[in-house]
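Novice: Before I ask anything, here is the structure I am working with.
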Amino acid sequence: MPRKCRVGSPPHRPHERSGMPKFFGAALLALALLTASPTSTAAQESAHSGQIPGRYIVTLNDTATRGDTEMDAAVDEAVEQAATMGAVVHHVYRYALHGYAASMTPNAAATLADDPQLSVQPDRWVHATAQTVPTGVRRAKADLSSTAAIDGKDTRVNADVAVIDTGVNLNHPDLNVYRAGGKNCTMPLLAPEDLHGHGTHVAGIIGALDNGTGVVGMAPGARIWPVQVLNALGIGSTSDVICGIDYVTEHADQIEVANMSLGGEGTDDGNCGMTNGDAEHRAICDSVAKGVTYTVAAANDHADAKNITPAAYDEVITVSALADFDGKPGGLGRPTCRSDQDDTFADFSNYGADVDLIAPGVCILSTFRNGGYATLSGTSMAAPHVAGGAALYRATHPNASPQEVKAALQAAGSDDWTWPSQDGDATKERLLKVSSF
């Protein structure tokens, strides 16, 4: 029976979604899918500039000579007039000004604008003007990287990163999605639009724009290739994942890094899947041989990653999660979205000899579906920090092999985090640090 994948989770709180879509065998298919919504961390649902098509703000003129009762009656009359013209009223204003906001046709808006008693203006998108440098970006020292050049001026890292996941919000204003590329392996006739949110969150950690709004990623402005292998419920199959790897390999002359924040039961046979018949392993080995660096989540079972694939594969960079609440060492940060101890191995993270690096993965703020932002936790959030670091390295070392990228990331890493804490093995992984890239 083909393996299926669905949303798995670390220990969670009601406001969190899972940190990691996950494969399960048939015996585990009864695991309940999480239904709680993530915490919204920005007021905007979308942040496009310019007019909102079909939406208008209508205000009454000559308000100074009317009393409150008369003005209320005039507003009610204006709203009724709008309804007769087929408008759908969203807001009625009675205090700061007098009027309403509504959706209507351009012809209806033009008719109302001809009335000297009314003023009509298009509704427009607005967005937050402050940019947040998330804790993970600060802890990994991407804000000190000369290649990342985080300064709010929208300098973009020249790298291409595939997000093999639930797709990506293609029009997110804080992402540089490479619209000429991408693939939907779950429904090939559709665009790889993210209706789940997980893939968009991963993409933002990797490369959210340094544009002065929203958040900024590890490799700001890196071109994101959306490769959808999980559907809107976070469910897919091994064959869909291989489809995604196959697509990335087809474009290995353009894509430097691919992130896979997903996994399933399996082991590394030490022979690229040739011994145990693991087609996914064979595909990744071929893709790595063609120059693509793969970053992979270790999974969230607080168990040895040797029994999870692709985390167990030697050819990828497997990443465990650090609990970091303030973006700096010392263990002084207070827990925010979930309980854990600052500056320690996350209490849900997998561990073991197959883990190559540790990176922030708890309460990470990033982009989300519908142009929004959210805070999620999981090794799914740790892996894309490393993907962003790999993109920074490849941007300045364009001929580096995946093995050289892994070695460079490990060599640059820090041991400045509290250990052993929740770590289940005797090895202290190097903490991602990219200030020298």
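Novice: With the requirement that a residue be under 16 Å from T309 (Cα atoms) and within 21 Å of the chain's Cα centre (by Cα), what does region 244-270 give you?
Specialist: G244, I245, A258, N259, M260, S261, L262, G263, G264 - these are the residues of region 244-270 that are under 16 Å from T309 (Cα atoms) and within 21 Å of the chain's Cα centre (by Cα).
Novice: For A162, work out the one condition from (1) more than 13 Å from the chain's Cα centre (by Cα); (2) closer than 21 Å to T396 by Cα it doesn't fulfil.
Specialist: (1)
Novice: Mind listing whichever residues of region 305-321 are modelled with pLDDT under 95 and either of a type in the set (D, E) or over 21 Å from R430 (Cβ atoms) (or both)?
Specialist: Residues satisfying the conditions are N307, T309.
Novice: In region 128-144, which residue that is outside any helix (DSSP H, G or I) and in contact with a helix residue (DSSP H, G or I) (Cβ under 6 Å, 6 or more places away or on another chain) is nearest to V216 (Cα to Cα)?
Specialist: The extreme case among them is V133.
Novice: Checking T200 against (1) hydroxyl-bearing (S, T, Y); (2) crowded, with 24+ Cβ neighbours inside 10 Å; (3) over 13 Å from the mean Cα position of the chain (by Cα), which test does it fail?
Specialist: Status for T200: all satisfied but (3).
Novice: I would also like to ask the following. Scan region 290-299 and give yes if some residue there is at pLDDT below 95, touching a helix residue (DSSP H, G or I) at 6+ places or on another chain (Cβ under 9 Å) and not in a loop (DSSP other than H, G, I, E, B), otherwise no.
Specialist: Within region 290-299 (the criterion being at pLDDT below 95, touching a helix residue (DSSP H, G or I) at 6+ places or on another chain (Cβ under 9 Å) and not in a loop (DSSP other than H, G, I, E, B)), the answer is no, since none of the residues qualifies.
Novice: Give the residue that is nearest to V288 (Cα to Cα), with candidates limited to residues of region 399-410 that are exposed (fewer than 15 other Cβ atoms within 10 Å of the Cβ) and in contact (Cβ under 8 Å) with a residue 12 or more places away in the chain.
Specialist: Applying the filter and picking the extreme gives S401.
Novice: Here is a list of conditions, (1) outside the structural domain of A232 (by TED's automatic domain parsing); (2) surrounded by fewer than 15 Cβ atoms within 10 Å (Cβ to Cβ); (3) not hydroxyl-bearing (S, T, Y), and L144 meets all of them except one; can you say which number that is?
Specialist: For L144, the exception is condition (1).
Novice: In addition: Any chance region 333-344 includes a residue that's in a loop (DSSP other than H, G, I, E, B) and under 25 Å from D174 (Cα atoms)?
Specialist: Scanning region 333-344 turns up at least one residue that is in a loop (DSSP other than H, G, I, E, B) and under 25 Å from D174 (Cα atoms).
Novice: Could you tell me how many of the residues in region 90-104 are within 37 Å of the chain's Cα centre (by Cα) and under 13 Å from T59 (Cβ atoms)?
Specialist: Matching residues across region 90-104 total 6.
Novice: Which ones in region 221-243 are at pLDDT 95 or above and either part of a loop (DSSP other than H, G, I, E, B) or not basic (K, R) (or both)?
Specialist: G221, A222, I224, W225, P226, V227, Q228
Novice: Now for a separate question. With respect to N350, determine if the residue is within 23 Å of A208 (Cα to Cα) and assigned by TED's automatic domain parsing to the domain that holds A298.
Specialist: In short, no.
Novice: Here is a follow-up. Restricting to region 300-316, count the residues that are crowded, with 24+ Cβ neighbours inside 10 Å and outside any loop (DSSP other than H, G, I, E, B).
Specialist: Counting residues in region 300-316 that are crowded, with 24+ Cβ neighbours inside 10 Å and outside any loop (DSSP other than H, G, I, E, B) gives 3.
Novice: Quick check on this structure: which one of A83, A87, A109, A130 is over 30 Å from I358 (Cα atoms), out of contact with any His (no Cβ under 6 Å at 6 or more places or on another chain) and surrounded by fewer than 18 Cβ atoms within 10 Å (Cβ to Cβ)?
Specialist: A83
A quick yes/no check of all residues on (1) part of a loop (DSSP other than H, G, I, E, B); (2) free of Cβ contacts under 8 Å to residues at least 40 places away in the same chain; (3) touching a Ser or Thr at 6+ places or on another chain (Cβ under 6 Å); (4) more than 20 Å from G263 (Cβ to Cβ):
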| position | (1), (2), (3), (4) |
| --- | --- |
| D347 | yes, no, no, no |
| A353 | yes, no, no, no |
| A359 | no, no, no, no |
| V362 | yes, no, yes, no |
| N370 | no, no, no, yes |
| A382 | no, no, no, no |
| Y393 | no, no, no, yes |
| T418 | yes, no, yes, yes |
| D425 | yes, no, no, no |
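Novice: Out of L190, L195, L170, L209, which single residue is without any contact (Cβ under 8 Å) to a residue 12 or more places away in the chain and in a loop (DSSP other than H, G, I, E, B)?
Specialist: On inspection, the qualifying residue turns out to be L190.
The values are calculated or read from the model by the stated rules, or taken from the named source; none is laboratory data. Since the structure is predicted, the reported quantities are computational estimates derived from the model, not experimental observations. With ideal geometry, Cβ positions are generated from the backbone for all residues, glycine too; neighbour counts draw on all protein chains shown.
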